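Presented below is the structure to which this report refers.
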């Protein structure tokens with residue numbers, strides 16, 4: 001699993017910003033995914049996640065000595081919202097209607113722009129087109145783009161079963177990159193977790209499948225192009 005995709009995208013998005021219960025349908029019986037080949041398991045997970053209306057993504061990973069934490073609610077085909085942080089510097093993000101909105105903490109803005117930036121942007125949202133300066137945020141908030149990257153892989157090896165957030169799952173490991181994907185073996189074969197050990201490791205969990213999530217653009221946001 002390309003576990004590093006989240007760390008790379010989140011870290012890049014943070015730099016750009018500086019410049020300015022798995023509870024889907026389940027069943028007590030198995031879904032048959034555990035008997036498939038490793039590639040077949042990942043394919044089933046890709047198909048399942050493509051059909052969700054919403055999913056919660058949370059966890060942390062380390063890349064280049066930086067710890068990235070994320071807590072996101074994603075709505076398939078519409079965008080997402082949540083909080084991200086890098087080494088304790090946190091910011092909120094909303095992606096909806098082709099626009100990305102970012103609201104950094106005072107500490108975040110002070111770290112990159114000093115006290116003046118913290119005062120100027122305190123309590124305010126910055127906005128940019130999803131294809132512009134905040135494009136990395138838009139990718140994190142897209143179910144299709146996020147999971148296309150996360151579930152891309154090299155040579156796979158099927159592991160043993162495990163319990164992830166109270167749900168039975170089968171493990172599949174990318175033998176080249178070392179990331180392990182856990183796929184539900186009851187109900188829909190949703191991806192439940194991606195984990196990796198080591199200095200650049202961490203764990204990302206996927207829960208709250210198909211639970212309602214409301215998205216709305218924040219009022220009185222500042223167009224980032226006006227700051228240039």
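Per-structure values
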read-out: Single condition residue 20 does not satisfy, out of (1) more than 25 Å from residue 182 (Cβ to Cβ); (2) modelled with pLDDT of 80 or more; value: (2)
read-out: Search result, residues across region 183-219 that are out of contact with any strand residue (DSSP E or B) (no Cβ under 6 Å at 6 or more places or on another chain) and farther than 24 Å from residue 92 by Cβ; value: 187, 188, 196, 197, 198, 199, 201
read-out: Yes/no for residue 80 being buried (at least 22 other Cβ atoms within 10 Å of the Cβ) and either farther than 25 Å from residue 175 by Cα or modelled with pLDDT under 65 (or both); value: yes
read-out: Residues located in region 154-167, provided they are under 20 Å from the mean Cα position of the chain (by Cα) and either closer than 22 Å to residue 76 by Cα or not in a loop (DSSP other than H, G, I, E, B) (or both); value: 164
read-out: In region 64-77, the residues that are in a strand (DSSP E or B) and either crowded, with 19+ Cβ neighbours inside 10 Å or modelled with pLDDT of 95 or more (or both); value: 68, 70, 71, 72, 73, 74, 75
read-out: Some residue of region 113-121 being touching a strand residue (DSSP E or B) at 6+ places or on another chain (Cβ under 8 Å), within 20 Å of residue 206 (Cβ to Cβ) and modelled with pLDDT under 95; value: no
read-out: Test: residue in region 159-176 that is under 19 Å from residue 54 (Cα atoms), out of contact with any helix residue (DSSP H, G or I) (no Cβ under 7 Å at 6 or more places or on another chain) and surrounded by fewer than 16 Cβ atoms within 10 Å (Cβ to Cβ); value: yes
read-out: Out of 42, 57, sole residue that is surrounded by 20 or more Cβ atoms within 10 Å (Cβ to Cβ) and within 15 Å of the chain's Cα centre (by Cα); value: 57
read-out: Filtered residue count, region 202-222, keeping only those that are buried (at least 17 other Cβ atoms within 10 Å of the Cβ) and assigned to a loop (DSSP other than H, G, I, E, B); value: 5
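The values are calculated or read from the model by the stated rules, or taken from the named source; none is laboratory data. Computed from a predicted model, the values in this text were never measured in an experiment. Reconstructed Cβ throughout: ideal geometry from the backbone, glycine too, with neighbour counts over all protein chains shown.
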